[in-house]
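Chemist: Below you'll find the structure I mean.
The values are calculated or read from the model by the stated rules, or taken from the named source; none is laboratory data. A quick note: this is a predicted structure, and the numbers were derived from the prediction, not measured. Cβ coordinates were reconstructed from backbone atoms using ideal geometry, including for glycine residues, and neighbour counts include every protein chain displayed.
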Protein chains: 2
Amino acid sequence: MVSEPSSNLLDPAAGPVALTRQLCDIESVSGNERRIADAVAEVLARDAPHLTVHRDGDTLIARTELGRAHRVAIAGHLDTVPVNENLPVTDEHDPDTGEAIIRGRGTVDMKAGVAVQLALAIELDAPAVDVTWIWYDHEEVSAELNGLGRALRNRPDLFAADFAILGEPTRAEIEGGCNGTMRARVSYLGTRAHSARSWTGVNAIHRAGNLLERLSAFEAERVTVDGLEYREGLNAVQISGGVAGNVIPDRVDIEVNYRFAPSRSTEEAVSLVREFCADADEFEVTDLAPGARPGLDAELARGFLAAVGGVPEAKVGWTDVARFSAQGVPAVNFGPGDPLLAHADDERVPVPQIEEAHRALRAWLLGEGANPVT
Amino acid sequence: MVSEPSSNLLDPAAGPVALTRQLCDIESVSGNERRIADAVAEVLARDAPHLTVHRDGDTLIARTELGRAHRVAIAGHLDTVPVNENLPVTDEHDPDTGEAIIRGRGTVDMKAGVAVQLALAIELDAPAVDVTWIWYDHEEVSAELNGLGRALRNRPDLFAADFAILGEPTRAEIEGGCNGTMRARVSYLGTRAHSARSWTGVNAIHRAGNLLERLSAFEAERVTVDGLEYREGLNAVQISGGVAGNVIPDRVDIEVNYRFAPSRSTEEAVSLVREFCADADEFEVTDLAPGARPGLDAELARGFLAAVGGVPEAKVGWTDVARFSAQGVPAVNFGPGDPLLAHADDERVPVPQIEEAHRALRAWLLGEGANPVT
């Protein structure tokens, strides 16, 4: 079947809830974002003459150029984790709360957030701040493929901003900054021997027992940064060792993951884990990404807090806010949906959260209420 | 190239040393024993009219039928572990001892032992005991393929004997019986969670630490059976766990191998390991083979001990002697070669050990000396 022109698939004028359904039903598993990016680009070209649009692969950067005193970057990723018989989306009611929900892949992570952003990008031709809207590809796969990272490297000038909002799911509340994350491969060595003569060898798997016991007993810290409490974590996430059923193993590899508060530098994080694993024979850092301070003391952030209401919390998972933070732009996460349902097969977003996120972001961008952004 | 008739490859009259070379150079990695079994069968048909030969797949059973008071089973396997650029064999001298050696795949495990046996099978047309010679396939692979086990199931009547000798390498000394072996898959379970929120999950890998610590501290027993000391061993030989680099793992599997003295029943062995791993969530026995008592108190065995000389030791590795022991036939290991070199790429057998094994076995079978077998 030849697909219809993609511009027919999206109708931002129908509002963010309808747009959530439309965006979800354009399947866009990481690596397959071309069609959804084309659809968004066509809608922008047709309905948003007030935006200057740049494209980098399947990442779109749409900017107002109003000469406002402040500029805000508002971003969301277009891709999803693989579909598992959960598309197209369905309209349902939560059996517990009676609340209207949309169920299916991408509803939480993060088409509802993109829908809120895209609807406002089209509607608001004169926001109180200049806005850089960013919709990008390849968020759900390895970091080097990330479209936001790629576009930032290619055109850093397009991303200058005073504050950033990433539409990752937060139940339409503010989650500030994010923890950093590091992974290390920690290895213990031994000496092979036939297991019938085990005393002639050294069992590497046995040697790992003490580290696992220490990890089990370890109480990760809770660190307060800019008023938000970041809870850390130190865990073995993978282990493998063994040669054959009759051989004393000479090697065991353990992948350790440390989630660390944004007040720690990456050097401090590496040093802490290295010291924790000091008895290991090999230690190799395999992944390292700094956290992001929440930056909630910035003037713009305080206004956004007031518009959204509620009590902001720390984001414990690493998100692309860290990419803004690394550019010196304080950033928060704000989007509809429960983050615990991200990637779940029964991913579902409450309709009222989409509407509330849309209301709060719209009010703030228009400079309404007690905390104007200008 | 069309190979020459296989009967040309073996010349038992040239003695056990030359025959070792000839047997080794017929490549016979497990599963590929047809050619060597054909060659042995042709030699028996041509040169050993005093033997009644039965064939079961690539296993040959050649029996004297002299009506002697006692019968001895003498067995060796025809297969080897995979070749690794170590065939054909080479004649060398040990750089340390100056001793003549034959180097190459199968020299130790166990073509030299088979050569000693085959030379005597052809030569001795009237031994002092009836002899059941057995050369079999598939010893180096999984137990259910073992040719000795298969032939025992198919024709148990052919294997009745008062004593058995298995030609596994023992440096031409007697190693009595063997330890039993069991393997169990021991699993700890947990609860998955995103590793950024590790406190919402239960880390299964961490839960395994205590077992590894206990294994590390465990002092295996030394158990004396029929005068020989069997040293046991309890080891983790494999470990695997983990879902992804950002997920708290909900499962870890550890393969534990217990080598236990032949005085323990398999039930006792299972019970001991199960109790040791009592905190595990799952426990599955994946492999279980009883040990073999050395049976060195048997009259025939005492005579064989005297003929070989030296001090017998316990065999710690599991061998097919246990298959004889399970039939009620006491059994010992006796063959040229250092068992520590079995399967090694630089496998090599000292020529004097081949000659000594041949001399001792020949003298005993002829009823010479102070301890006649009859």
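Chemist: All but one of (1) within 13 Å of chain A (Cβ to nearest Cβ); (2) under 33 Å from the mean Cα position of the chain (by Cα); (3) in a strand (DSSP E or B) hold for B:ILE165, so report the exception by its number.
Modeler: Failing condition for B:ILE165: (1).
Chemist: May I pose another question? Across the range B:30-56, what is the total count of residues that are assigned to a loop (DSSP other than H, G, I, E, B), crowded, with 19+ Cβ neighbours inside 10 Å and either among the polar types (S, T, N, Q) or out of contact with any strand residue (DSSP E or B) (no Cβ under 9 Å at 6 or more places or on another chain) (or both)?
Modeler: The number of residues fulfilling the criteria is 1.
Chemist: Return the total of residues in the range A:142-161 being farther than 24 Å from A:LEU288 by Cα and buried (at least 20 other Cβ atoms within 10 Å of the Cβ).
Modeler: Matching residues across the range A:142-161 total 1.
Chemist: Mind checking which residues of the range B:224-266 are hydroxyl-bearing (Ser, Thr, Tyr), touching a Pro at 6+ places or on another chain (Cβ under 9 Å) and either surrounded by fewer than 19 Cβ atoms within 10 Å (Cβ to Cβ) or under 30 Å from A:GLU255 (Cα atoms) (or both)? Spell out the reasoning first.
Modeler: Keep residues of the range B:224-266 that are hydroxyl-bearing (Ser, Thr, Tyr), which gives B:224, B:230, B:240, B:258, B:263, B:265-266.
Adding the requirement that they be touching a Pro at 6+ places or on another chain (Cβ under 9 Å) leaves B:230, B:265-266.
Scanning the range B:224-266 gives B:SER265, B:THR266.
Chemist: Shifting gears a bit: What do you reckon, is B:ALA217 modelled with pLDDT of 95 or more and surrounded by 19 or more Cβ atoms within 10 Å (Cβ to Cβ)?
Modeler: For B:ALA217, the condition - modelled with pLDDT of 95 or more and surrounded by 19 or more Cβ atoms within 10 Å (Cβ to Cβ) - is not met.
Chemist: While we're looking at this one, here's another question. Return a yes/no flag: does the range A:122-130 have any residue that is closer than 25 Å to A:ASN32 by Cα and charged (D, E, K, R).
Modeler: No - not one qualifying residue is present in the range A:122-130.
Chemist: For the range B:201-211, which positions are in a helix (DSSP H, G or I) and touching a residue at least 40 places away in the same chain (Cβ under 8 Å)?
Modeler: Hits for the range B:201-211 are B:ALA204, B:ILE205, B:ARG207, B:ASN210, B:LEU211.
Chemist: Suppose the filter is crowded, with 18+ Cβ neighbours inside 10 Å and at pLDDT 90 or above; does A:ALA301 pass it?
Modeler: no
Chemist: Any chance the range A:223-233 includes a residue that's without any contact (Cβ under 8 Å) to a residue 12 or more places away in the chain, closer than 16 Å to B:GLY190 by Cβ and facing chain B (nearest Cβ under 10 Å)? Give the derivation first.
Modeler: Step one: of the range A:223-233, the residues without any contact (Cβ under 8 Å) to a residue 12 or more places away in the chain are A:224.
Within this subset, residues satisfying the condition of being closer than 16 Å to B:GLY190 by Cβ are none.
No.
Chemist: Applying the selection to the range B:168-189, what residues are within 12 Å of the chain's Cα centre (by Cα) and either more than 17 Å from A:ALA196 (Cβ to Cβ) or of a type in the set (Ser, Thr, Tyr) (or both)?
Modeler: Of everything in the range B:168-189, just one residue is within 12 Å of the chain's Cα centre (by Cα) and either more than 17 Å from A:ALA196 (Cβ to Cβ) or of a type in the set (Ser, Thr, Tyr) (or both), namely B:THR170.
Residues checked against (1) buried (at least 18 other Cβ atoms within 10 Å of the Cβ); (2) within 14 Å of chain B (Cβ to nearest Cβ); (3) more than 30 Å from A:ARG251 (Cβ to Cβ):
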residue: A:PRO294; (1), (2), (3): yes, no, yes
residue: A:ASP297; (1), (2), (3): no, no, yes
residue: A:GLU313; (1), (2), (3): no, yes, yes
residue: A:VAL329; (1), (2), (3): yes, no, yes
residue: A:GLY337; (1), (2), (3): yes, no, yes
residue: A:LEU340; (1), (2), (3): no, yes, yes
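Chemist: Quick check, is A:ALA220 within 22 Å of the chain's Cα centre (by Cα), of a type in the set (A, V, I, L, M) and within 14 Å of another protein chain (Cβ to nearest Cβ)?
Modeler: No.
Chemist: Can you pull out the residues in the range B:80-96 that are within 30 Å of B:LEU366 (Cβ to Cβ) and assigned to a loop (DSSP other than H, G, I, E, B)?
Modeler: B:VAL89
Chemist: Does A:GLU173 count as under 17 Å from A:VAL332 (Cα atoms), surrounded by fewer than 23 Cβ atoms within 10 Å (Cβ to Cβ) and not assigned by TED's automatic domain parsing to the domain that holds A:ASP250?
Modeler: Spelling it out, A:GLU173 is indeed under 17 Å from A:VAL332 (Cα atoms), surrounded by fewer than 23 Cβ atoms within 10 Å (Cβ to Cβ) and not assigned by TED's automatic domain parsing to the domain that holds A:ASP250.
Chemist: How many of the residues making up the range A:189-214 are surrounded by fewer than 19 Cβ atoms within 10 Å (Cβ to Cβ), under 29 Å from B:LEU189 (Cβ atoms) and facing chain B (nearest Cβ under 7 Å)?
Modeler: 2
Chemist: Can you confirm whether A:THR97 is β-branched (Val, Ile, Thr) and either under 24 Å from A:LEU166 (Cβ atoms) or in contact with an Asp or Glu (Cβ under 6 Å, 6 or more places away or on another chain) (or both)?
Modeler: Taking the combined requirement at face value, the residue does not satisfy it.
Yes/no per residue for (1) within 19 Å of A:LEU145 (Cα to Cα); (2) in contact (Cβ under 8 Å) with a residue 60 or more places away in the chain; (3) touching a Leu at 6+ places or on another chain (Cβ under 8 Å):
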site	(1), (2), (3)
A:HIS50	no, yes, no
A:ARG68	no, yes, no
A:VAL83	no, no, no
A:VAL89	no, yes, no
A:ASP94	no, yes, no
A:LYS111	no, yes, yes
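Chemist: Quick one: which of A:LEU78, A:LEU44, A:LEU145 is of a type in the set (A, V, I, L, M, F, W, C) and more than 20 Å from A:GLY317 (Cα to Cα)?
Modeler: A:LEU44
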